[in-house]
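Inspection log for the structure reproduced underneath, given as structure tokens.
Read-outs: derived from the displayed coordinates by stated rules, not from any lab. None of these values were measured; they are calculated from a predicted model.
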Ligand SMILES: [Zn+2]
């Protein structure tokens, strides 16, 4: 069963595990019994693939504090394979 967050006007927020069929009905505050309104928040991302989770975290982190780099990111010249085929000399150059 999912966990729903509700806000009591006097006591504040509390979580309640309820069946999905009861998600729309009003909740009672466990402390004072007052009617509490539901609070909608971000979805729980526990079930997300770990790779996607890392990518989302990296994206959020780079948005807040981008990494400082000392050179332009991209492929280095050493990583470029060198061809020895003489026909490649006739290819147009950028
Ligand atoms: Zn209350």
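The relative contact order of the stretch 1-64, computed from alpha carbon pairs under 8 Å that lie at least 6 residues apart in sequence, is 27 percent.
Multiplying the residue separation of residue 80 and residue 22 by 0.36 nm and subtracting their alpha-carbon distance yields 14.8 nm. In terms of overall dimensions, the C-alpha atoms belonging to the chain reach 84, 30, 20 Å along their principal axes, ordered largest to smallest.
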